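Structure first, then comments.
Values quoted throughout were computed directly from the atomic coordinates according to the rules given, and no laboratory measurement underlies them. Every value quoted in this text rests on a predicted model; they were computed, and no experiment measured them. Neighbour counts are summed over all protein chains in view; Cβ atoms, including those assigned to glycine, are modelled from backbone coordinates with ideal geometry.
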Amino acid sequence: MIRNRKQKPRRYSIGVVAETFGIHEQTLRLYEREGLLVPSRSEKNTRYYTDEDLERLQAILNLTREMGVNLAGVQVIMDMRERMDEMQRQFQALINFVRENFAAQATAGSALVRTGPMHIVVARDFDPPEEPPPSRPRIIKIETE
């Protein structure tokens with residue numbers, strides 16, 4: 001019988017991580033002092049690394065070993081990656097918001113339409129003879145030059 005329970009995230013000790021990646025434990029401690037890695041700690045203050053920490057470590061090692069980036073450069077690059085990830089999440093949230101709102105408007109009779117090539121135009125605001133109903137957009141007269 002298979003039980004549907006949440007799996008605990010895997011945790012690895014500093015010795016296992018050091019051996020797996022072929023680095024010294026002191027290197028991992030240095031990365032922690034520099035703020036590049038932040039492993040979790042047990043009640044007895046033992047460092048434990050998660051799969052996410054290992055992915056980050058792999059990126060750090062690629063930058064230092066293969067690209068020759070120093071630790072200050074690694075810090076800048078990793079901070080930029082985190083910012084880009086956050087911006088991507090925000091951008092995706094904006095896209096989802098726009099999709100949801102346009103879907104709601106499309107069912108209400110509004111639609112987006114493709115337009116032809118744009119030309120320089122002068123837009124002059126004018127007052128229509130009577131106020132349009134509140135559900136309609138304001139009328140703008142457009143004249144082409």
Completion exercise
In order over the stretch 68-79: 3J(HN,Hα) from phi, Karplus 6.51/-1.76/1.60, θ = phi - 60°, whole Hz, x for each Gly or Pro, gives x, 7, 7, 5, 5, x, 4, 4, 4, 5, 5, 4
Problem - residue 55 versus residue 93: modelled label distance in nm, points set 7 Å from Cα along the beta carbon direction - result: 1.9
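Arrange the following residues from fewest to most other Cβ atoms within 10 Å of their Cβ: 13, 42. Please list the in-between numbers first.
On the way: 13 15, 42 10.
Fewest-to-most ranking of 13, 42: 42, 13.
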Handout entry: Amide H contacts of residue 37 (H built 1.01 Å from N, under 5 Å, at least 5 apart or other chain)
Key = 32
Handout entry: GluC sites (Glu not before Pro) restricted to the stretch 34-81 and DSSP loop, no more than 14 other C-beta within 10 Å
Key = 34, 43
Handout entry: Net length gained if the chain between residue 13 and residue 83 were fully extended (0.36 nm per residue, minus Cα distance)
Key = 22.3 nm
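What's the local net charge at residue 58, with K and R +1, D and E -1, over the other residues with C-beta under 12 Å away? Numbers along the way, then the final one.
Working: positive: 56, 65; negative: 51, 52, 53, 55, 66.
Residues near residue 58 contribute -3 overall.
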